[in-house]
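Quick one: this structure, given as structure tokens, is what I'll be asking you about.
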Amino acid sequence: MADIQEVVSLKGYWKFNIGDDMAWAEKNYNDNNWDQLYAPGNWEEQGYIEYDGYAWYRTAVNIPKNAGSRQLYLFLDRIDDVNEVYFNGTRIGRTGNFPPKYETAYSVPVTYPIPAELINFDNANTIAVRVFDEGKEGGFVGEDLKIGYDADANMLVQDLSGDWKIGFYYNLSCLKPGFDDSGWDTIHVPASWESQGYNDYNGQACYRKTFKLNKETGRKTLYFIGGKIDDEDQVFLNGKLIGTTRDMYKTKLGNSFAGDWQIRRAYKIPEGLLNTNGKNVIVVLVDDHGGMGGIFEGPVGLMTKEQYLIYEEKYESEEWFPFQNFIKSLFYD
């Protein structure tokens, strides 16, 4: 789970209504006659006993202007079963599939980037959440709700989150630094591709990012930090392969027994491969086997060796249980 540093808490009473009407996503929709439920908390325990089906939550939030210097994320923890989220009337994410192709996502922590151009700083903003519950609990069933930024991004010497290019149907010429990706779609990283409208796609995709090295980065030993990727990946820098999912299995971050999609990617960049005075191109090939897909959790960027060791230590205990260390040694040592 991403380490989201809170800027605004969203815990409290939200407006709530059962049923389904896309007009309820609108920023200025009049929800004065709606019920109020406390969130987080499932709706069965707040009067809607055994209700299954569609429901909506709405709330207004003020975001301080001084929070606008960083990429902000909406963290809604777990939502049972399917969700679609609108910020000031614009959809910013979806997790799971609504009927008729229903697919639950009740166990997936919901984190969506909020486009800066949608935010009315120091003013009211409307968050609307469309939910479908297939059975049992419904609604906000996690432990926290907030708007904040990725605290781990503070460890990056260069943050590469934001707009990337993506191609779902490609050939391997996309690995070449000079490949023309101007006709490809733009996608936000990190966030699953399903949450950005590429619904029901399972298979391969190619992500590309062109960047110039920050002057303060210099010639330090650097790692490319790829966050979490669903499911498998190969990462190329300036046309050279620098890491694959299996390379992570022997590291302190690599727990293949929890699933490749839960491994935090971190690949050492070979000395001399980065262009210090020109353009660099990162290419991430992703193979998604089903469900959610893509580079879905940060941080994403460059870290010095010193910061990487701190990052590795922070998440080693998250990834491993003692018995798994033993099993891992049997297969990979």
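Can you pull out the residues in segment 20-51 that are under 30 Å from the mean Cα position of the chain (by Cα), buried (at least 16 other Cβ atoms within 10 Å of the Cβ) and within 21 Å of Asp81 (Cα to Cα)?
Trp24, Ala25, Leu37, Ala39, Pro40, Gly41, Asn42, Trp43, Glu44
In segment 8-32, what count of residues is obtained for those that are assigned to a loop (DSSP other than H, G, I, E, B) and either of a type in the set (Lys, Arg) or touching a Phe, Trp or Tyr at 6+ places or on another chain (Cβ under 9 Å) (or both)? Give the derivation first.
Our first condition is that a residue be assigned to a loop (DSSP other than H, G, I, E, B); within segment 8-32, this holds for 10-11, 19-21, 26-32.
Among the residues that remain, those that are also either of a type in the set (Lys, Arg) or touching a Phe, Trp or Tyr at 6+ places or on another chain (Cβ under 9 Å) (or both) are: 10-11, 19-21, 26-27, 31.
Within segment 8-32, residues that are assigned to a loop (DSSP other than H, G, I, E, B) and either of a type in the set (Lys, Arg) or touching a Phe, Trp or Tyr at 6+ places or on another chain (Cβ under 9 Å) (or both) number 8.
Between a first residue in segment 230-241 that is closer than 22 Å to Gly293 by Cα and a second residue that is surrounded by fewer than 21 Cβ atoms within 10 Å (Cβ to Cβ) and among the acidic types (Asp, Glu), which pairs have beta carbons less than 7 Å apart while being 6 or more apart in sequence or on different chains?
Between residues of segment 230-241 that are closer than 22 Å to Gly293 by Cα and residues that are surrounded by fewer than 21 Cβ atoms within 10 Å (Cβ to Cβ) and among the acidic types (Asp, Glu), the close pairs are Asp231/Asp287; Glu232/Asp287.
If Lys176 meets every condition in (1) within 24 Å of Arg78 (Cα to Cα); (2) surrounded by 13 or more Cβ atoms within 10 Å (Cβ to Cβ) apart from one, which number is that one?
With (1) within 24 Å of Arg78 (Cα to Cα); (2) surrounded by 13 or more Cβ atoms within 10 Å (Cβ to Cβ) applied to Lys176, the lone miss is (1).
Of the residues that make up segment 187-205, is at least one outside any strand (DSSP E or B), within 22 Å of Thr276 (Cβ to Cβ) and not acidic (Asp, Glu)? Explain how you work it out, then say what you get.
Kept after step one, since they are outside any strand (DSSP E or B), are these residues of segment 187-205: 190-203.
Then drop every residue that is not within 22 Å of Thr276 (Cβ to Cβ), which leaves none.
Within segment 187-205 (the criterion being outside any strand (DSSP E or B), within 22 Å of Thr276 (Cβ to Cβ) and not acidic (Asp, Glu)), the answer is no, since none of the residues qualifies.
Starting from residues that are under 14 Å from Phe98 (Cβ atoms) and among the charged types (D, E, K, R), keep the ones in segment 116-138 and report whichever is nearest to the chain's Cα centre (by Cα).
Checking each candidate, the answer is Arg130.
If you go through segment 33-48 one residue at a time, how many are touching a Phe, Trp or Tyr at 6+ places or on another chain (Cβ under 9 Å) and in a loop (DSSP other than H, G, I, E, B)?
Quick first cut of segment 33-48, residues touching a Phe, Trp or Tyr at 6+ places or on another chain (Cβ under 9 Å) only: 34-44, 46, 48.
So of that shortlist, the ones also in a loop (DSSP other than H, G, I, E, B) come out as 34, 40, 43, 48.
Qualifying residue count, segment 33-48: 4.
Now, a different point. Residues of segment 79-104 being under 20 Å from Asp133 (Cβ atoms) and surrounded by fewer than 21 Cβ atoms within 10 Å (Cβ to Cβ), which ones? Full working, then the answer.
Taking segment 79-104 and keeping what is under 20 Å from Asp133 (Cβ atoms), we get 79-86, 91, 93-104.
Of everything in segment 79-104, those that are under 20 Å from Asp133 (Cβ atoms) and surrounded by fewer than 21 Cβ atoms within 10 Å (Cβ to Cβ) turn out to be Arg91, Asn97, Phe98, Pro99, Pro100, Lys101, Tyr102, Glu103, Thr104.
Here is a yes/no grid of residues against (1) loosely packed, with under 14 Cβ neighbours inside 10 Å; (2) within 20 Å of Gln158 (Cβ to Cβ):
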{"position": "Gly197", "(1), (2)": "yes, no"}
{"position": "Tyr223", "(1), (2)": "no, yes"}
{"position": "Glu232", "(1), (2)": "no, no"}
{"position": "Arg264", "(1), (2)": "no, yes"}
{"position": "Gly290", "(1), (2)": "yes, no"}
{"position": "Ile295", "(1), (2)": "no, yes"}
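Starting from segment 87-116, keep only residues that are outside any loop (DSSP other than H, G, I, E, B), then list their pairs with residues that are of a type in the set (D, E, K, R) whose Cβ atoms are within a distance under 6 Å, requiring at least 6 positions of separation or different chains.
The qualifying pairs are Arg94/Glu84; Asn97/Glu103.
Counting only residues that are at pLDDT 95 or above and of a type in the set (Phe, Trp, Tyr), how many does segment 291-333 have?
Counting residues in segment 291-333 that are at pLDDT 95 or above and of a type in the set (Phe, Trp, Tyr) gives 2.
The values are calculated or read from the model by the stated rules, or taken from the named source; none is laboratory data. Treat the numbers as computed from the prediction; the structure is a model and nothing was measured. Every residue, glycine as well, gets a Cβ built from its backbone with ideal geometry; the counts of neighbours run over all protein chains shown.
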